[in-house]
Amino acid sequence: MRQASTAHTAIAIVCAPLSLNAQSTFVGVLDRPACLADAARAIRVLFVKDSASWRALGPRDMNTGSIPTQWTIAFDGRDRGVVKTGTRTVVQRDVQMFRRDYMLALVEKQSLFTAPPTQSSPSPFDGWCEHDATRPLVVVSTAHATDPDHWHRVPSNATDKSRVSALLKPRADSARYCPKGGDASAPFRVHADDIEIVSTYTDAHERRLVGVRIKPQLRKCDGPPEDAWQLHWFAVETETRFIGRGMSLIDAGDYDGDGVSELLFWYSGYNNDGYVLFTGDLHHRVDYFWSYH
């Protein structure tokens with residue numbers, strides 16, 4: 001994810017804004033500002049579909065006057081209500097503004113849908129800064145919230161593990177562990193029993209998404225883990241291919257109304273957080289990332 005992968009096409013951030021208009025479809029999240037757990041929830045606008053393709057928004061886009069102020073909350077294939085924002089505001093940290101700081105403040109006195117809390121600890125939506133207990137929710141500028149591909153979580157099976165394990169091992173060659181704890185590390189040689197499947201999803205077309213990793217308790221080192229220890233995601237279709245790592249699925253929905261579901265993931269890595277949008281074929285990927293130092 002922080003390193004380029006030949007398994008997908010990453011879309012670069014566009015510095016100059018393209019034309020935004022009433023026909024553009026915007027996708028964002030209802031969430032709290034990064035590293036400010038006590039702050040009120042706000043809307044972070046992430047992606048826009050102009051004509052035929054999706055792209056990540058940049059700071060200049062936020063000054064065009066074309067950003068919507070009414071949003072549909074989408075969760076689990078359903079419309080969960082409307083949320084309204086005022087004029088554009090930012091989270092002011094210092095003189096220099098970062099991508100993570102551009103958020104829309106909510107109009108006061110709104111009743112907001114709250115998704116069920118995650119059951120795992122730590123939360124799959126934790127980041128470089130610890131995330132709060134309220135999971136991010138997708139918001140879309142249209143009324144499109146349905147999930148025609150019907151993505152849903154399912155138990156993993158032996159076939160899933162056999163198909164993804166061989167592809168994970170070369171990506172985990174750089175893994176290091178600390179046999180005696182602390183920070184004295186040595187190369188870690190991955191065996192089949194060291195691998196665990198964390199999440200598996202399937203859709204109406206019997207495609208599967210499998211999230212797999214080396215068991216984290218085997219690392220035993222102080223400090224943040226290397227990329228090799230992150231959760232790795234594979235799309236299992238006729239062929240199995242790697243699509244990214246360090247991600248957690250937030251939701252799937254047909255946000256642009258073309259009859260095919262997009263998938264939005266949270267991403268976190270070393271000094272790096274953000275969001276990843278996949279189009280329905282799981283080949284076209286757009287990143288919205290920021291760093292902290």
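The values are calculated or read from the model by the stated rules, or taken from the named source; none is laboratory data. Note that the coordinates shown come from a computational prediction; the quantities given were computed from them, not determined experimentally. Heads up, the Cβs are rebuilt from the backbone with ideal geometry, glycines too, and the neighbour counts pull from every protein chain shown.
For every residue, the table says whether it meets (1) under 30 Å from residue 179 (Cβ atoms); (2) not hydrophobic (A, V, I, L, M, F, W, C).
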residue	(1), (2)
204	no, no
209	no, no
218	yes, no
226	yes, yes
231	yes, no
240	no, yes
252	no, no
259	no, yes
290	no, no
(request) May I ask you to say which residue of 213, 207 is out of contact with any Ser or Thr (no Cβ under 9 Å at 6 or more places or on another chain) and farther than 14 Å from residue 151 by Cβ? (result) 213
(request) Name, by its number, the condition in (1) closer than 15 Å to residue 285 by Cα; (2) in contact with an Asp or Glu (Cβ under 9 Å, 6 or more places away or on another chain); (3) hydrophobic (A, V, I, L, M, F, W, C); (4) modelled with pLDDT of 85 or more that does not hold for residue 1. (result) (4)
(message) Return the residues of region 19-58 that are at pLDDT 80 or above, polar (S, T, N, Q) and either part of a loop (DSSP other than H, G, I, E, B) or closer than 18 Å to residue 289 by Cα (or both); say none if nothing qualifies.
(response) 24
(request) Give the residue that is surrounded by the fewest Cβ atoms within 10 Å (Cβ to Cβ), with candidates limited to residues of region 279-293 that are among the hydrophobic types (A, V, I, L, M, F, W, C) and touching a Leu at 6+ places or on another chain (Cβ under 9 Å). (result) 282
(request) Would you kindly identify the strands (runs of 3 or more DSSP E) lying entirely within region 180-242 that contain at least 2 residues that are farther than 30 Å from residue 263 by Cα, touching a strand residue (DSSP E or B) at 6+ places or on another chain (Cβ under 9 Å) and free of Cβ contacts under 8 Å to residues at least 60 places away in the same chain? (result) none
(request) For residue 254, state whether it is of a type in the set (Asp, Glu) and under 26 Å from residue 53 (Cα atoms). (result) yes
(request) Please work out which one of (1) in a loop (DSSP other than H, G, I, E, B); (2) touching a Phe, Trp or Tyr at 6+ places or on another chain (Cβ under 7 Å); (3) buried (at least 16 other Cβ atoms within 10 Å of the Cβ) is the condition residue 164 fails and give its number. (result) (1)
(request) Would you point out which residue out of 130, 108 is farther than 26 Å from residue 268 by Cα and either among the hydrophobic types (A, V, I, L, M, F, W, C) or modelled with pLDDT under 85 (or both)? (result) 108
